[in-house]
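Presented below is the structure to which this report refers.
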């Protein structure tokens, strides 16, 4: 290869590399977006609230009067009412039977009948007076119930704003005021 041919090859290679580099740079510049900041006028602001429910416990107390019955100790039943009933029954049977053998039979039947009646009276009396010592006392009773309480919490704002004759909407956590900052995108259009 001659010096002239070699020199021409290097120049062509350098030129080709420069063209490829400029092409890549041009493509990179077209693909990259450029942003700038501007202000847009706020036209409408709507607060957005969220409802939160709280369950609040409440205790309610009152005083109740309670009856207390104290049983009497049972030391065995007394036989006296049964015996008295038997004697009274025997006397009545003796009078009803008037006359010889009937008098003895009447006394025995009356005695047995009197003892049975006395025994029944004693059982009923013992049942009725089993709790002869009754007292009353006041007792405090309480119950817990729950009531629901709601609260409105500010979540943010729906905001309408106008920029270069166009209307846009967005959600913001803070109140925007009269204007908001907007990012404006600048990029070349393909030809």
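The values are calculated or read from the model by the stated rules, or taken from the named source; none is laboratory data. All values derive from a computational prediction rather than experimental measurement. When we count neighbours, we look across all protein chains shown, and the Cβ atoms used for this are built from the backbone with ideal geometry, even at glycine.
The number of residues in the range 158-191 that are outside any strand (DSSP E or B) and free of Cβ contacts under 8 Å to residues at least 60 places away in the same chain comes to 6. Residues satisfying the criterion are present in the range 116-137 (criterion: in contact with a strand residue (DSSP E or B) (Cβ under 7 Å, 6 or more places away or on another chain), at pLDDT below 90 and either more than 30 Å from residue 65 (Cβ to Cβ) or in a loop (DSSP other than H, G, I, E, B) (or both)). In the range 166-177, how many are surrounded by fewer than 12 Cβ atoms within 10 Å (Cβ to Cβ) and under 15 Å from residue 47 (Cα atoms)? Going through the range 166-177 one residue at a time, the tally reaches 5.
When we screen 85, 99 for residues that are loosely packed, with under 10 Cβ neighbours inside 10 Å, more than 30 Å from residue 176 (Cβ to Cβ), over 60 Å from the mean Cα position of the chain (by Cα) and modelled with pLDDT under 90, the only hit is 99.
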